[in-house]
1. Run the quick spin-label model on Ala140 and Ser90: label points 7 Å from Cα toward the beta carbon, then report their separation in nm to one decimal.
2. Mind giving me the FRET efficiency for Tyr106 and His236? R0 is 25 Å, r the Cβ-Cβ distance, nearest 0.05 is fine.
3. Hey, which aspartates and glutamates would be in cross-link range of Lys60, C-alpha to C-alpha under 14 Å, not counting anything within fewer than 8 residues on its own chain?
4. Give me the percent of Cα-Cα pairs in the stretch 181-301 that sit more than 24 Å apart, rounded to a whole number.
5. Work out, in µm²/s and without decimals, the Stokes-Einstein translational diffusion coefficient of the stretch 110-181 at 4 °C, 1.567 mPa s, Rh from Kirkwood over C-alpha pairs.
6. What's the magnitude of the charge dipole for the stretch 74-135 around its Cα centre, counting Lys and Arg as +1 and Asp and Glu as -1 at the beta-carbon? Answer in Debye, nearest 20.
7. Would you mind counting up the charge near Gly23? Only other residues with Cβ under 9 Å from its Cβ, with Lys and Arg at +1 and Asp and Glu at -1.
8. Could you state the accessible area per residue of the stretch 166-244 in Å², with a 1.4 Å probe and every protein chain left in place?
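The values are calculated or read from the model by the stated rules, or taken from the named source; none is laboratory data. The structure presented is a predicted model; accordingly, all values stated were derived computationally and were not measured. Note: ideal-geometry Cβ built from the backbone for every residue, glycine included; neighbour counts use all protein chains shown. When the accessible area is computed, the model is the full protein with side chains, heavy atoms only, and any ligands, DNA or RNA have been set aside. Shrake-Rupley method; radii C 1.70, N 1.55, O 1.52, S 1.80 Å.
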Amino acid sequence: MAFPDFGAVLAPADLPVPAPGPGEVLVRVHASSVNGFDLGVLGGVFQGMFAYDFPVVLGKDFSGTVEEAGDGVTSLAPGDEVFGVVMRPSLGQGGFAEYVVVSEQYGLAKLPGGLGHARAGALGLAGTAALNAVEAVAPAPGETVLISGATGGVGAFAVQLAAALGARVIATARPGAEAAFVTGLGAAWAVDPADLEARVRAVAPDGVDAALHLAGDGAAVTALLTGGGRLASTLHYSPERDVKATAVMADPNPATLARLAADAVAGRLRVPVSRTYPLAEAAQAVADFTAGTVGKLAITI
Ligand SMILES: NC(=O)c1ccc[n+]([C@@H]2O[C@H](COP(=O)([O-])OP(=O)(O)OC[C@H]3O[C@@H](n4cnc5c(N)ncnc54)[C@H](OP(=O)(O)O)[C@@H]3O)[C@@H](O)[C@H]2O)c1
């Protein structure tokens, strides 16, 4: 599923199977998922940051089987099951395809038994961003952590990871099914983002110890922190007040991916796939993601 130029729509494309270079592996992809990053790629917002090698295939996440190992690859062989995040220097290859070439060293980990491609394909980027964001604010047991954007892919993982550390998680979610979704993942409270300040103050009158800004107004989220509180923003919101702020740049190193996979296998981390689409319907998955979703939208190839 590729788009041939800026402004073009995502459509099936018949592309040659890419060849792995030194230190790279060719992966036969079995599963992927939609991330906010994909919308940015499609919308051309990364012009100037990354080269676009058209036609550009979408999909940061991948899970699949090594088909061929390039020169110098030592840790992987054909038949190995792997998953991770496509971290190529330019935009061109992606996980919404039958094949992708990725580095052996970075953005990849072996698929542990018991995880399965469907879950692994929805874990890489959102799980990594969530873990990096939670580690940036390092909540202590009993501390309050506001998660703005808790209903999305990153948020759904972050709620679970923060709650597992003993934090009291305040998660944004509309009343009803969204609120049930975040409390089911371990949030202590669901707060309607349409009335954020009043809802958060109702449960944390003096403000929250830490906040993850994954969606919404960064200034409004930051205003709810106590003095000296910690903020992590995947949207790179930069506050002007007295808080410790981290701009999260997801770092899918092998150790992080292996940690997430182990948590998922052990049942400590749910991969919250709300709908799965075949590759031929990837454009619909992207449209549905754009319109608003809860959890992850998975793609099977
Ligand atoms: N810097 C990095 O390395 C990095 C890595 C991963 C992700 N990101 C970014 O982080 C953000 C989250 O990623 P994602 O994949 O989790 O996206 P997502 O699945 O679209 O999640 C965003 C969630 O926030 C909700 N939301 C929208 N407006 C809100 C508001 N005002 N208050 C509270 N919640 C609101 C959305 O609900 P509706 O769908 O109903 O609107 C959605 O459930 C994206 O912008 C993504 O690009 C950055």
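1. Each label point lies 7 Å from its Cα, and together they span 5.0 nm.
2. It comes out at approximately 0.70.
3. Asp38, Glu98, Asp251
4. Roughly 45 percent, rounded to a whole number.
5. Estimated diffusion coefficient is 100 µm²/s.
6. 80 debye
7. -3
8. Here the per-residue accessible area is 46 Å².
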